[in-house]
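The values are calculated or read from the model by the stated rules, or taken from the named source; none is laboratory data. Keep in mind that this is a model prediction, so the values were computed, not measured. Positions of Cβ are backbone-derived with ideal geometry, glycine not excepted, and every protein chain shown enters the neighbour counts.
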Amino acid sequence: MAPLDDARRAASVENIEALSAQAFRTIAVAYRNLEGEGVIPAEEGAPVDESLEADLVYVGIVGILDPPRPEAAKAVVESHRAGVRVIMITGDHPKTATRIASDLGIVGKDATALTGMEIDKLDEAALREAVRTTSVYARVAPEHKLQIVDALQAGGNVVAMTGDGVNDAPALKRAEIGVAMGVTGTDVTKEAGNMVLADDNFATIVAAVHEGRVIFDNIRKFLRYLLSSNMGEVLAVFFGVVLSTVIGLTSGDGGIVLPLLATQLLWINLVTDAAPAMALGVDPETEDVMARPPRKLTDRVIDGRMWTTVLVGGSVMAAMTLLTLDILLPGGFFEGTGSLDTARTAAFTVLVFTQLFNVFNSRSERASAFHRLCANRWLLGAVLLGVLLQVAVVHIPFMNTAFGTTPLTGEQWILCVVMASAVLWVEELRKLVWRATH
């Protein structure tokens, strides 16, 4: 044995620093010789006599390596790609924390950690400035975690906090999203959190972000499709009545005739629209779902751009429906030769087909409708079902009676498809312009 002088203390500290820089957690080991009556048998669960923790003989430093899970680094990369900043808050040595954070890709190799003692020296404004650039915090106490969350929120950030101990509970409660560990987490932490991880895996949080974005995108697709379809129906009926004398939609005594019957509108809403709308709910993710920055807090599910798309799409649907009526009816801009039943059946079919074309438009605000056209087999099946049902309602006699339809000729079917496809080409042109200018 030798006395633990300043030189030996400095050597031990140097060893601690070296091990910490290699991501090891360090524990000092020491012992004390007890003789005679001082010897106490070691029993599990027995109280510790703290008076014995004196006059110890220092043995050395033990390094414990607790490596992150292999998938954690990939999850960090995916988070950064999605515009989500990852921050590490730990009670470990600063060098251990920065080395682990560097290995995970949270920070670069030359990054430094902000310690709890350094946080205590900062006022609120200085801490708000520090958290903008600091992503590793070491030797922190529970109150420091709460301060970090508050500073991030003050900077306009939406914070998700994860932890497993009782000391993490206040910060989890304060964060917008508190994520508790389900395996190692305490009951207090689970109560404070908004979400509990069943596998204690950071990658699961990133997977939840991914799944949440896919669900949100599909909700918007669903709304974009149904709102534009309903807009088309409303505008077609409204302007069909307003412009009835212009397009020749009048009865023999000069009275106004509705462009579409109530049963036909019910058919569209309850039968034709339902299957494609549900199929959009399981539409596959887009390639950029985790390459987009997070939405702003002020962003709405139905924003101004969606309303513009809905209005333009609905207007095109209504215009093509009424134009078909005008082409087939006598007395309008085009002098048609068809009967009212034929013209109304064709307009009814055009409105159905515009909505079936529009479902492909609704899959993306930016990408072409032809991009990954066959990716959603449920959607293709729903569209095919809609076409078959429309053919049936036009050509099966008892359905003619129920819905006020009449069989169409081959030329009239071609006219219906051509007119209905306009909604696809107009939206394709809009998307092309958007991609060229953004």
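Restricting the search to the stretch 365-378, which residues are surrounded by 13 or more Cβ atoms within 10 Å (Cβ to Cβ) and in a helix (DSSP H, G or I)?
Filtering the stretch 365-378 for residues surrounded by 13 or more Cβ atoms within 10 Å (Cβ to Cβ) gives 365, 367-369, 371-372, 375-376, 378.
Residue satisfying the conditions is TRP378 alone.
Listed here are the residues, each with its yes/no results for (1) out of contact with any Leu (no Cβ under 9 Å at 6 or more places or on another chain); (2) not in a helix (DSSP H, G or I).
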| position | (1), (2) |
| --- | --- |
| LEU380 | no, no |
| LEU384 | yes, no |
| VAL393 | yes, no |
| MET399 | yes, no |
| ALA402 | yes, no |
| THR406 | yes, yes |
| ILE414 | yes, no |
| VAL418 | yes, no |
| GLU428 | yes, no |
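What is the residue count in the stretch 179-192 for residues that are outside any helix (DSSP H, G or I) and out of contact with any Ser or Thr (no Cβ under 8 Å at 6 or more places or on another chain)? Count: 5.
The residues of the stretch 58-71 that are assigned to a helix (DSSP H, G or I) and either free of Cβ contacts under 8 Å to residues at least 40 places away in the same chain or under 20 Å from the mean Cα position of the chain (by Cα) (or both) amount to a single one, PRO70.
The condition (being closer than 30 Å to PRO3 by Cα and surrounded by 16 or more Cβ atoms within 10 Å (Cβ to Cβ)) is satisfied by just one residue among ARG139, ARG128: ARG139. Just so you know, in the stretch 142-166 the residues that are under 19 Å from PRO94 (Cβ atoms) and surrounded by fewer than 19 Cβ atoms within 10 Å (Cβ to Cβ) include one that is modelled with the lowest pLDDT, and it is PRO142. The set of residues in the stretch 88-111 being under 15 Å from LEU65 (Cα atoms) and of a type in the set (Asp, Glu) consists of ASP92, ASP103.
Considering only the stretch 238-252, state which residues are buried (at least 19 other Cβ atoms within 10 Å of the Cβ) and part of a helix (DSSP H, G or I). Give the steps one after another, and end with the answer.
From the stretch 238-252, those buried (at least 19 other Cβ atoms within 10 Å of the Cβ) are 240, 244, 247-249; that's our starting set.
Correct list: GLY240 only.
Filtered by the rule that a residue be surrounded by fewer than 20 Cβ atoms within 10 Å (Cβ to Cβ) and either at positive phi or part of a loop (DSSP other than H, G, I, E, B) (or both), the stretch 92-105 gives a lone residue, GLY105. Suppose the filter is small (Gly, Ala, Ser), in contact (Cβ under 8 Å) with a residue 40 or more places away in the chain and assigned to a loop (DSSP other than H, G, I, E, B); does GLY83 pass it? Yes: the conditions hold for GLY83.
Somewhere in the stretch 327-341, is a residue under 21 Å from ASN358 (Cα atoms) and either acidic (Asp, Glu) or at pLDDT 90 or above (or both)? Before the answer, list the steps.
Here is the first cut: in the stretch 327-341, the ones under 21 Å from ASN358 (Cα atoms) are none.
Among the residues of the stretch 327-341, not one is under 21 Å from ASN358 (Cα atoms) and either acidic (Asp, Glu) or at pLDDT 90 or above (or both), which makes the answer no.
With the condition kept exactly as written, say whether any residue in the stretch 156-171 is of a type in the set (Ser, Thr, Tyr), assigned to a helix (DSSP H, G or I) and either over 26 Å from ALA111 (Cβ atoms) or under 27 Å from the mean Cα position of the chain (by Cα) (or both). No, there is no match, as no residue in the stretch 156-171 is of a type in the set (Ser, Thr, Tyr), assigned to a helix (DSSP H, G or I) and either over 26 Å from ALA111 (Cβ atoms) or under 27 Å from the mean Cα position of the chain (by Cα) (or both).
For the stretch 272-294, give me the residue count where each residue is in a loop (DSSP other than H, G, I, E, B), out of contact with any Phe, Trp or Tyr (no Cβ under 7 Å at 6 or more places or on another chain) and touching a residue at least 40 places away in the same chain (Cβ under 8 Å).
Here is the first cut: in the stretch 272-294, the residues in a loop (DSSP other than H, G, I, E, B) are 273, 281-294.
If we keep only those that are out of contact with any Phe, Trp or Tyr (no Cβ under 7 Å at 6 or more places or on another chain) as well, we get 273, 283-294.
So of that shortlist, the ones also touching a residue at least 40 places away in the same chain (Cβ under 8 Å) come out as 273, 283-286, 289-294.
Selection size over the stretch 272-294: 11.
In the stretch 62-91, of all residues being among the acidic types (Asp, Glu) and either surrounded by 14 or more Cβ atoms within 10 Å (Cβ to Cβ) or at pLDDT 85 or above (or both), the one that is farthest from MET161 (Cα to Cα) corresponds to GLU71. Looking only at residues in the stretch 92-123 that are hydroxyl-bearing (Ser, Thr, Tyr) and in contact with a helix residue (DSSP H, G or I) (Cβ under 9 Å, 6 or more places away or on another chain), the one that is modelled with the highest pLDDT is THR115.
Condition first: under 20 Å from ASP341 (Cβ atoms), of a type in the set (Gly, Ala, Ser) and modelled with pLDDT of 90 or more. Now tell me which residues in the stretch 241-300 satisfy that. Scanning the stretch 241-300 gives a single hit, ALA262. Taken as a whole, the condition of being small (Gly, Ala, Ser), surrounded by 17 or more Cβ atoms within 10 Å (Cβ to Cβ), within 21 Å of the chain's Cα centre (by Cα) and over 26 Å from PHE360 (Cα atoms) applies to ALA203. The residue of the stretch 1-34 that is farthest from ARG99 (Cα to Cα), among those that are of a type in the set (D, E, K, R) and assigned to a helix (DSSP H, G or I), is ASP6.
For MET320, the requirement of being surrounded by 18 or more Cβ atoms within 10 Å (Cβ to Cβ), touching a helix residue (DSSP H, G or I) at 6+ places or on another chain (Cβ under 6 Å), of a type in the set (A, V, I, L, M, F, W, C) and farther than 23 Å from ALA392 by Cα is not met. Applying the criterion of being among the small types (Gly, Ala, Ser) and under 20 Å from PRO259 (Cα atoms) to the residues of the stretch 291-317, the residue that is surrounded by the most Cβ atoms within 10 Å (Cβ to Cβ) is GLY313.
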